[in-house]
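Structure first, commentary second.
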C-alpha cells in the first residue's frame, strides 16, 4: 500500500526528519490553522500533528485517514475515543524528553529557591553598587539539598526529575491520585494532600485529561507551605491559573515556575502573563526543546510510521 503522509506543523520541531522507508507521498506545512486542517489533510492516510486539534467532527470528514502520528507525548489535542471507535491508530512519542524536561524543571526550582530573579533585579537597580557590605541578604536563599520534592506523575519525566532531585540530596515523595482514601494509598506513594502539605517543591508531570484538569486549584494551593514552589512543565490546564496568580500576589506559596499555559500561544491573554514578580518564572513551552531531544523525537516519529506500515503499530494510545 502506498501511503500519503501530511505533516501539519513541521516548523514546530527543529531537526532532520528522516522520511520513512516505505512507499509514500509526502506533504508538509510550516503550520496549519484550524480552518485549513481538512483541506490540508485531504486524502491522506497518515497525518502527523504536534498541537493541531483533531476532534471527531473533523476526523469524520477524513475517511482515508488510518493513522494519527502525534509528534509529542501529550495527546490531549486528539479525540482518542473517536479514533478507538473508528479504527484509527494513534501513536505518540515516549521517553525522548527524559533528560531535557527534568533539567528544565530542576532549573526552575533552583532559580526560585535561590531567588535568582530577585537578586538579578536588585543588581540591575543598582542596589549592590550602593551596598555598604560586599553582599546583601534581602531575599532568602534555600538549598535543594535536604528539601522535599513532591512529584505528581510517575512516567519517564517524573522519574527523571526524581533522579536529579536525589542527586541534589532531596527527599522524594510520589503523590497518590487525588481523592484516594489515605487507607488505600499504594505502596511507595503518599496521599495527594500530604504531598502538598509536606513538599518544599511540587512538580507536575501528569497528562492533561478529565481526571487532572484543574487538579491544582485554590484549595490545593492553600495546602502548600508558604515558602513552597510549584513547577509545571506538563500542561497548563492542570492548574487553575487565576487561583495561582492570586496565590502568588497574596503570598499563599513562595513561588512558581511554569513552562505551559492553558492556551498556547496565549493570544487572548492569561492571568499569569500579567504577573511581574521575582518569584514567578514563565517560559514559552520549551522545556522539551533541547536540540538533542527534538532530534530524538523526530527519529522516533519515523520509527512509529514505519512500524505502522509494517502492521505492527507501536507507542499506541488508541
Open item on the list: Sort 249, 184 by Cβ crowding within 10 Å, fewest neighbours at the top.
Closed with: 184, 249
Task: Dimensionless Rg over Rh [segment 100-282; C-alpha; Kirkwood] - done: 0.99
Task: Euclidean distance between Cα centres, segment 79-117 to segment 215-275, Å - done: 17 Å
Task: Label-to-label distance, nm, for residues given as residue 80 and residue 242 (7 Å Cα→Cβ offset) - done: 2.9 nm
TODO: With N set to the residue count of segment 48-178, report its C-alpha Rg divided by 2.2 N^0.38 Å to two decimal places.
DONE: 1.60
Open item on the list: Between 0 and 90 degrees, rounded to the nearest ten: what's the tilt of helix 100-113 against the longest Cα principal axis of the chain?
Closed with: 20 degrees
Open item on the list: Based only on other Cβ atoms within 10 Å, what is the fewest-to-most ordering of 26, 96?
Closed with: 26, 96
TODO: Measure nothing but the geometry: give the 0 to 90° angle between the long axis through the Cα atoms of 156-167 and the longest principal axis through the Cα atoms of the chain, rounded to 10°.
DONE: 30 degrees
TODO: Considering only 261, 273, 301, give the residue with the highest GNM mean-square fluctuation for the chain, with springs between Cα atoms whenever their separation is below 10 Å.
DONE: 273
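Please arrange 215, 277, 305, 157 by how many other C-beta atoms lie within 10 Å of their C-beta, fewest to most.
Ascending number of Cβ neighbours within 10 Å: 277, 215, 305, 157.
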Open item on the list: Relative contact order for segment 28-145: what percent, with Cα pairs under 8 Å and sequence separation of 6 or more?
Closed with: 18 percent
Task: In degrees, nearest ten, helix 241-250 long axis to first principal axis of the chain (Cα) - done: 10 degrees
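Can you give the alpha-carbon Rg of the chain over 2.2 N^0.38 Å, where N counts its residues?
Cα-based Rg divided by the globular estimate yields 1.11.
FYI, it's all coordinate maths here, none of it is from the lab. Nothing here was measured: the structure is a model prediction, and the numbers come from that model. Please note: Cβ atoms are built from the backbone with ideal geometry, for glycine as well, and neighbour counts cover all protein chains shown.
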